[in-house]
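Since every read-out is calculated from the coordinates, none of them should be taken as a lab result. Keep in mind the model is a prediction, meaning the values are calculated, not measured. Methodologically, a virtual Cβ is constructed for each residue, glycine included, from the backbone with ideal geometry; neighbour enumeration extends over all protein chains shown.
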Amino acid sequence: MIVLKYRDLFQIFDGTNITREQRRELSDYCLNDMGFRILFIECVCEDQELLERNIIEILHYSADYKNMSEEEAVDDLRKKLEHYMRQYEPIDAGLETISFVRVENMGETVTAHKVAGQKESGILGYLSGMRCLPQTLYFTRHGESEYNVLGRIGGDAALSPRGQLYARALADHFNSLPAREPYTVWTSELRRTKQTAADIRAPKRAVRALNELDAGICEGLTYEEMQERFPQEFAWRDQDKLHYRYPWGESYIDIMTRLRPVLSALEDEHNVIVVGHQAVLRCMLGYFLDAKLDELPYMNVPLHTIVKLTSYGYKYKVEMTKLPVECVDTHRKQPKNCSINRTSADALTTVPSHYDTLPSNLWQNSAEAQL
Ligand code: F6P
């Protein structure tokens, strides 16, 4: 594989390029005719166990073998490997004048040659930290908070009584699972996530970058109040929720930027339980599940639900488990009318129901309490 770089533009060219002559030709063409810098990435695997696991993953998950029987696929793959092995000339710094990173046995040994600049060093860092072992990660939003009940956004509210019940149910769920490896819990620095994680028997880490989207001048408001006080801002957000930045606050793009180191760290982890927030978890799950960017701010990540991601091949399988504790819905769909001249009724059509004051009977999950 090679990574081509021209100014800030990157291209990945996924190919075998196994002979020196092929690499020289490609390098000359890209550098001299196109003005691209090239970084070759050579992945070598000599560990028999890893190789077998790799072959099984390719057979199960590669689109090339979707319509073949297991026998045909194994035969085809072995022939391909033999064909390439006959021609293969390892990258050699003494014989070639190319930049390269060589990754042996899925990251056991990483060698770099003529890697220069910030972007290439970033790729080297990524490859060095690469972990290809099976991985399970858990995500959940905090339990229902007093602000969720009232339809208010942001802030640092405590859990509602039903949120506390969820915290208990969540702890019971994880404390009773037969964990083959210990869990670690990552929360934000906000009270509602810490309270949610409190009873899980595992080491905990509060990570500032996991804090919820900063809604700036709209912190603590309901969507109705936002429409009343800042109708134009509310409409602009509906027009482009991904890029919209609250005055004195953040956009989804901003949280993705601050989450980058957390996501890289998480890629090396196993059995981590992330207790987070609606917008932050949309970005994190969107990253692992390869969601389309413009759909990401509307992903439905309900309260009181555990999202389990298990790696398979190069992808993640997702399982959602809703624990039986009632809660409000905080998911507001994009309304049809996003114009700044819309009526309040049009702006508020998709706002989920919430209470206007904290009802005293929330402990009982009562159906009498009117939304
Ligand atoms: O409503 C709960 C909440 O976590 C708010 O604190 C936050 O501003 C909001 O969700 C983010 O969701 P959306 O981007 O859909 O408004």
### Query
With labels modelled as points extended 7 Å from the Cα through the Cβ direction, what inter-label distance (nm, one decimal) is found for Ile217 paired with Leu263?
3.0 nm
### Query
Taking a spot 7 Å from the Cα of Cys43 along the direction of its beta carbon, which residues of segment 91-129 have an amide N less than 18 Å from it?
91, 100-112, 123-129
### Query
Can you give me the Cα centroid spacing of segment 222-247 and segment 313-334 in angstrom?
25 Å
### Query
Can you give the relative contact order of the chain as a percent, counting alpha carbon pairs under 8 Å and 6+ residues apart?
16 percent
### Message
Can you compute the helix-only [θ] at 222 nm over the chain? Use -39500 (n - 2.57) per DSSP H run of at least 4 residues, normalise by all residues, nearest 500 deg cm²/dmol.
### Response
-10500 deg cm²/dmol
### Query
So which aspartates and glutamates pass the test for Lys119, namely a Cα distance under 15 Å, with those fewer than 8 places away in the same chain ruled out?
Asp8
### Message
Considering only C-alpha atoms, what is the centroid distance from segment 147-167 to segment 16-41, in Å?
### Response
56 Å
### Query
Which lysines have a Cα less than 21 Å from the Cα of Lys204, not counting those fewer than 8 places away in the same chain?
Lys194, Lys308
### Task
Output the antiparallel fraction of DSSP beta bridges having both residues in the chain, as a percent to the nearest 5.
60 percent
### Task
Enumerate the lysines that Lys114 could reach by cross-link, defined here as Cα to Cα under 28 Å, with residues fewer than 8 away along the same chain left out.
Lys5
### Summary
For segment 163-217, averaging the sequence separation of alpha carbon pairs under 8 Å that lie six or more residues apart and dividing by its residue count, the contact order in percent is 40 percent
## Note on the structure
If one compares the long axis through the Cα atoms of helix 70-87 with the longest principal axis of the Cα atoms of the chain, the angle in degrees, nearest 10, works out at 50 degrees
## Note on the structure
Once amide hydrogens are built 1.01 Å from N within the peptide plane, the residues lying 5 or more places from Val274 or on another chain with amide H under 5 Å from its amide H are Tyr138, Phe139, Thr140, Trp186
### Message
To the nearest 20 Debye, how big is the dipole of the chain about its Cα centre, given +1 on the beta carbon of each Lys and Arg and -1 on that of each Asp and Glu?
### Response
820 debye
## Note on the structure
Measuring from the longest principal axis of the C-alpha atoms of the chain, the long axis of helix 252-267 (C-alpha) lies at a number of degrees, nearest 10, equal to 60 degrees
### Message
If you fit an axis through the alpha-carbon atoms of helix 278-289 and take the longest principal axis of the Cα set of the chain, what angle between them do you get, 0 to 90°, nearest 10?
### Response
20 degrees
### Summary
To the nearest 20 debye, segment 161-286 has a Cα-centred charge dipole, built from +1 on Lys and Arg Cβ and -1 on Asp and Glu Cβ, of 480 debye
### Task
Starting at the first residue of segment 36-46, write each ³J(HN,Hα) from the Karplus equation 6.51 cos²θ - 1.76 cosθ + 1.60 with θ = phi - 60°, in whole Hz, x for Gly and Pro.
8, 8, 10, 10, 7, 10, 10, 10, 10, 10, 10
### Query
Given H placed on each backbone N at 1.01 Å, which residues far from Val207 in sequence or on other chains put an amide H within less than 5 Å of it?
Thr187, Ser188, Glu189
